[in-house]
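Shown next, in structure tokens, is the structure this report addresses.
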Amino acid sequence: MMTLEVQQYINQQKSAGVADAQIRQTLVQQGWAQVDLDQAFGVISTGPVVPQAPLTTNSPTGTTGHKWLKIIGVVVLVFVILIAIIVFFALSATSAPTNAARTFVQDMANNQPDQAYSLTSQAFHQQNSPNILSGLLTQYPDITKISDITLNNRTVTNNTAEISGTVTTSTGTYPVDVKLINESGGWKVYSFHITFSQIKN
């Protein structure tokens, strides 16, 4: 029968680093039964003890934090994509009237009033004869000296657009404003204003 004294002896020897086999051998030599020693060492004598793998737990904080980083990354990516789509459609919506306005001003700068007149709207034709633009070039020859056209301000509302910016000549840089209407599937000029000497049509 196992006693507290033997149990204390075993604990002391184990604490001192003595192997279990050596402790058992010493106790057997002192007359202790193997069954008692098995009990003392915590071994079940009726069968082998299967060692259990240590339970490990993952830190939920790290996993959750990583998941939140992924979610935030996805949200930011979606936000950037939406902005890109909005910018793309905004530029697409204004590119056609901007190109039409630029072509009109460039035709005037190239002294091609007939070509510029073909880019004007039906309402403009009803109010102005084909000679209106050639007469304007004769009255204001600085128009033909335009060397640069910058159209940065663009507003499109339904079938109308207003494109404004500046034109540069040898004498300076001046404001330009072109109004257009979408008719027959294309953008046509119905009003323009270049501030040399209050030119307006």
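The values are calculated or read from the model by the stated rules, or taken from the named source; none is laboratory data. Note that the coordinates shown come from a computational prediction; the quantities given were computed from them, not determined experimentally. Positions of Cβ are backbone-derived with ideal geometry, glycine not excepted, and every protein chain shown enters the neighbour counts.
The listed residues are Thr168, Thr144, Thr155, and the only one of them that is within 12 Å of Val105 (Cβ to Cβ) and in contact with an Asp or Glu (Cβ under 7 Å, 6 or more places away or on another chain) turns out to be Thr168. Exactly one residue among Ile149, Ile143 is among the hydrophobic types (A, V, I, L, M, F, W, C), outside any helix (DSSP H, G or I) and under 18 Å from Thr195 (Cα atoms), and that residue is Ile149.
Taken together, Thr155, Thr166 contain a single residue that is under 17 Å from Asp142 (Cβ atoms) and in a strand (DSSP E or B), which is Thr166.
Anything in the stretch 128-143 that is surrounded by 14 or more Cβ atoms within 10 Å (Cβ to Cβ) and of a type outside the set (Gly, Ala, Ser)? List them, or say none.
Listed by number, the residues that qualify are Asn128, Ile132, Leu133, Leu136, Leu137, Tyr140, Asp142, Ile143.
Against the definition (touching a residue at least 24 places away in the same chain (Cβ under 8 Å), in the same structural domain as Ala96 (by TED's automatic domain parsing) and not hydrophobic (A, V, I, L, M, F, W, C)), how does Thr171 come out, yes or no? Spelling it out, Thr171 is indeed touching a residue at least 24 places away in the same chain (Cβ under 8 Å), in the same structural domain as Ala96 (by TED's automatic domain parsing) and not hydrophobic (A, V, I, L, M, F, W, C).
Pairing each residue of the stretch 110-133 that is under 14 Å from Asn182 (Cα atoms) with any residue that is of a type in the set (Phe, Trp, Tyr), provided the two are 6+ apart or on different chains, yields C-beta distances under 7 Å for Leu119/Phe104; Thr120/Tyr190; Ser121/Tyr190; Ala123/Tyr190; Phe124/Tyr190. Is it fair to say Gly186 is touching a residue at least 60 places away in the same chain (Cβ under 8 Å) and within 40 Å of the chain's Cα centre (by Cα)? For Gly186, the condition - touching a residue at least 60 places away in the same chain (Cβ under 8 Å) and within 40 Å of the chain's Cα centre (by Cα) - is met. Total residues in the stretch 104-144 satisfying the condition of being closer than 22 Å to Thr160 by Cα, over 43 Å from the mean Cα position of the chain (by Cα) and among the β-branched types (Val, Ile, Thr): the figure is 0.
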